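Only one structure is covered here, and it is reproduced in the block below.
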Amino acid sequence: MTDDRTNLIAAANRRGFMLVELLISSTLIVLTLGAIVAVSYATTEGWRCSDRAQTLHVTTYRTSAQLYRLLRSGNYVGLATADDQQSTSPGIISASPGAGAAVMFWAENGIDDAKIEAAEVALIEHDRSTNTLKLYQLPKTAPNANTRFYTNDISTSTAAKAFKNVPGVQSRLLASGVTSVSFRVYYTNDSVNRQSVDFKLLFERQRQVRSEFGTAVLRSPIKPDDT
Amino acid sequence: MAAAILSASVTAVMGPIWASYRQTQVMQQSTAAASLARQLLDEIIAKPLADPTTGDISHGPDATQLTRGQYKLVGDYNGYSDTTSVLTELDGSAVTWNSGGIYTRTVKIAYRATPAGSEAASGDFALVTVSVKAPGGDVVTAQRLVSNFPRLLLKPMP
């Protein structure tokens, strides 16, 4: 009897949450969840954006480093044009809508004779249809590797096109996502200054844009022996 | 109480995220600054240290050298300064800089009598220093020692 009475009193004193308390706690839970979702979304987006920028940044740096390495070790630069330009005779640049930028040079002096041979020539060209930068070279093991080249053979856009058609010439991808390229050579046939090449690159990838501007000076310039 | 806990939590979460973003930004700006320094250094070392005819050296551009396209000697670059907002090639054509923010480049040419010697008024060596200030305020410095000896300048090899 006494126990029943005690239980009844305890049940009467027990109370649930008021409606206002429930509403406030629900609101706080919603606010907290909303904040967590917002922070997670912002973090994810920030990470993706940072990742894209970082990827483009590394691509730019890597391409620039390769251009410096190739050009600095060159002996003589014959051709350098920007997009929409061509060179029909050495040193003369004219407009050519649609043409890709190119730099053609005597990349190495293999047997120290100041004579250019086919396997010592390098061509870097901007392929605008694929937005890529490619390096064309003939392997030293090719049967025609020792074919003699002269200054004029590396100094015009026509010569660049002909070089790409030389049997055995291989292309190698230097960079992708390159939408605009410009090469310019200074001090050709100069006896005071060393030859240098300016390059301007524009990379675009997934709404990210990055530009690169460099100047590569030939470390051991040599006037080709055309005799 | 709940609001205080919430704000503290948000602050705790955002702190590392901001630090990570800032770190990435500093790294990218430092690389871009190094690239700009490398460009100017290579441009400078294409020039002779001393005039090949008179042997004179330069401590900065003369009154007729208004742009760096008119510089002839390494020393003409002493005191040179530019920014990426008006960046140009040697021939004056504009360079569009899309890599974020404005970078400022300055050049100092310090002559030396010996490669490891102290700075002198003239000498057969010069330490070329290019400093690039990034938008975030960090400064990247690149140096190269140039010397005054006859070079192989587009001459046929013997």
Being at pLDDT below 90 and not hydroxyl-bearing (Ser, Thr, Tyr) narrows it down to one of B:75, B:79, B:55, so name that one. B:55
I'd like to verify a number: residues in segment B:78-92 that are over 11 Å from the mean Cα position of the chain (by Cα) and either basic (Lys, Arg) or closer than 16 Å to residue B:143 by Cα (or both), how many? 2
In this structure, is residue B:9 surrounded by 14 or more Cβ atoms within 10 Å (Cβ to Cβ), closer than 30 Å to residue B:102 by Cα, more than 7 Å from chain A (Cβ to nearest Cβ) and of a type in the set (S, T, N, Q)? no
Residue match in segment B:83-97 (condition: in contact with a Leu (Cβ under 8 Å, 6 or more places away or on another chain), over 27 Å from residue A:54 (Cα atoms), more than 10 Å from chain A (Cβ to nearest Cβ) and not β-branched (Val, Ile, Thr)): no
Across segment A:25-57, what is the number of residues that are more than 10 Å from every other protein chain (Cβ to nearest Cβ), under 13 Å from residue B:13 (Cα atoms) and surrounded by 14 or more Cβ atoms within 10 Å (Cβ to Cβ)? 0
Hey, can you tell me all the residues within segment A:149-198 that are more than 15 Å from residue A:86 (Cα to Cα), touching a residue at least 24 places away in the same chain (Cβ under 8 Å), of a type in the set (Phe, Trp, Tyr) and within 14 Å of chain B (Cβ to nearest Cβ)? A:150
Going through segment B:45-79 in order, the residues found to be within 30 Å of residue A:210 (Cβ to Cβ) and at the interface with chain A (Cβ under 9 Å from one of its Cβ atoms) are B:45, B:46, B:47
What do you reckon, is residue A:35 aliphatic (A, V, I, L, M) and modelled with pLDDT of 95 or more? no
Test result for residue A:210, within 12 Å of another protein chain (Cβ to nearest Cβ), basic (Lys, Arg), over 17 Å from residue A:64 (Cβ atoms) and crowded, with 20+ Cβ neighbours inside 10 Å: no
Residue satisfying all of: in segment B:23-44; out of contact with any strand residue (DSSP E or B) (no Cβ under 8 Å at 6 or more places or on another chain) and at the interface with chain A (Cβ under 7 Å from one of its Cβ atoms); nearest to residue A:57 (Cα to Cα) among these: B:28
For segment B:24-43, indicate whether the set of residues that are over 30 Å from residue A:82 (Cα atoms), surrounded by fewer than 16 Cβ atoms within 10 Å (Cβ to Cβ) and at pLDDT 90 or above is non-empty. no
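The values are calculated or read from the model by the stated rules, or taken from the named source; none is laboratory data. The structure presented is a predicted model; accordingly, all values stated were derived computationally and were not measured. Backbone-built Cβ (ideal geometry, glycine too); neighbour counts: all protein chains shown.
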